[in-house]
Amino acid sequence: MQLPKIFKWRLRLVQQGYDLGWEHGFEAGMDENQKQVMDKVNKLIYDIDWLKEDPYTRKEIIEAIRNHEPEKEVVGWDS
């Protein structure tokens, strides 16, 4: 079955719009995740005495960043 040219054109247009929206959302999510990680690092290093050089504190910070789970917002009508 052949699809009419106008349908193919609309389909491509919709797909391009979807792709642009997905890329924008992905970039926005990456920016938000980076901000969350930086906030977490700031909270963790605020009380450190850097002149003392406590290796356990540094290990805890690295482990906390590795185990970081990004906060996700509920998308949709249900909350």
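The values are calculated or read from the model by the stated rules, or taken from the named source; none is laboratory data. All values reported here derive from a predicted model rather than from experimental measurement. We place every Cβ from the backbone using ideal geometry, glycine too, and count neighbours over all the protein chains shown.
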Cβ-Cβ distance below 6 Å, separation of 6 or more or different chains: which pairs start in the range 14-37 with a residue that is under 30 Å from I65 (Cα atoms) and end on one that is surrounded by 10 or more Cβ atoms within 10 Å (Cβ to Cβ)? N33/P70; Q36/P70; V37/H68
Count - residues of the range 36-61 that are modelled with pLDDT of 80 or more, surrounded by 10 or more Cβ atoms within 10 Å (Cβ to Cβ) and not acidic (D, E): 6
